[in-house]
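First up is the structure itself, then whatever we jot down about it.
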Amino acid sequence: EVIDIGCVADDPEKITAAFTRAINVADVVISSGGVSVGDADYTKEVLETLGNINFWKVAMKPGKPFAFGVLQKPNAIANKGWFFGLPGNPVSAVVTYHQLVLPALRYLAGEEFDEQPLLNISIQSDLKKQPGRADYQRGRLTTQGGKNYAATTGNQSSGVLSSVAQANCYIVLEQERGSVKAGEKVNILMFDKFLL
């Protein structure tokens with residue numbers, strides 16, 4: 001059951017009140033925005049007063065500003081609940097939710113599931129990438145003449161939601177890999193029922 005707490009202003013007191021209300025009625029709290037390092041990003045500060053941050057920031061793109069932790073539930077039998085803080089940019093929120101939060105929710109719900117296999121496919125377009133973070137670029141897998149090919153959906157900025165809307169897969173570039181030339185093999189992770 002989803003409980004919508006609504007939009008909360010970038011104010012530590014209002015964020016504290018919203019998180020306190022949320023954790024008293026829910027097992028898991030998921031927020032979007034406020035987990036980066038800007039002047040108005042108070043989520044980390046609030047989390048430190050209401051519970052524990054298990055990790056903050058991940059080596060993936062898009063989605064580096066991601067928080068995970070435990071919130072204390074002062075008025076409940078079960079004295080803690082889980083917290084997932086998604087980035088504020090829409091594509092970053094989609095990718096981190098799909099790759100990090102959704103598997104955790106499925107596990108917490110008792111679901112048994114296998115990881116999706118990666119396909120090794122030739123890429124039809126050059127891809128820009130800096131080593132240092134795993135990159136989940138959005139792409140489109142097609143079949144031509146009995147062979148599978150993948151291409152980027154274009155602009156991969158974390159604010160361009162059309163890169164997800166036009167995609168049917170992730171082009172997963174390993175953390176230490178750099179830019180890719182057309183014709184090279186890349187790992188493809190097909191979108192599942194949660195994104196198609």
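The values are calculated or read from the model by the stated rules, or taken from the named source; none is laboratory data. This is a predicted model, so every value here is computed, not measured. Cβ: placed from backbone, ideal geometry, glycine included. Neighbour counts: every protein chain shown. Please note that ligands, DNA and RNA were not included when accessible areas were found on the heavy atoms of the full protein model with its side chains. Shrake-Rupley method; radii C 1.70, N 1.55, O 1.52, S 1.80 Å.
Selection of first residues in segment 2-25 that are at negative phi and of a type in the set (A, V, I, L, M, F, W, C) and of second residues that are part of a helix (DSSP H, G or I) and open to solvent by 50 Å² or more (accessible area, probe 1.4 Å), restricted to Cβ pairs under 6 Å at least 6 apart or on distinct chains, gives the following pairs, ordered by first then second residue: I3/V25; V8/K14. The single condition among (1) touching a Leu at 6+ places or on another chain (Cβ under 8 Å); (2) farther than 15 Å from V28 by Cα; (3) surrounded by 20 or more Cβ atoms within 10 Å (Cβ to Cβ) that W82 does not meet is (2). Out of segment 144-193, which residues are farther than 17 Å from A134 by Cβ, part of a strand (DSSP E or B) and not aliphatic (A, V, I, L, M)? Passing the criteria: Q144, K147, N148, Y149. How about segment 35-69: which of its residues are over 17 Å from V101 (Cα atoms) and in a loop (DSSP other than H, G, I, E, B)? S36, V37, G38, D39, A40, D41, Y42, listed by residue number.
Return the residues of segment 171-186 that are surrounded by 18 or more Cβ atoms within 10 Å (Cβ to Cβ) and touching a residue at least 60 places away in the same chain (Cβ under 8 Å); say none if nothing qualifies. Hit for segment 171-186 is V186, nothing else. Remark: pairs (first residue in segment 125-138, in a loop (DSSP other than H, G, I, E, B); second residue among the hydrophobic types (A, V, I, L, M, F, W, C) and open to solvent by 40 Å² or more (accessible area, probe 1.4 Å); Cβ separation under 8 Å; 6+ apart in sequence or on different chains) = S125/A182; D126/A182; G132/A59; R133/A59.
Among residues of segment 86-137 being farther than 20 Å from V164 by Cβ and in contact with a Ser or Thr (Cβ under 9 Å, 6 or more places away or on another chain), the one that is most open to solvent (accessible area, probe 1.4 Å) is Q130. Looking only at segment 44-96, count every residue that is under 13 Å from the mean Cα position of the chain (by Cα) and either of a type in the set (S, T, N, Q) or modelled with pLDDT of 85 or more (or both) and tell me the total. Total meeting the criteria: 25.
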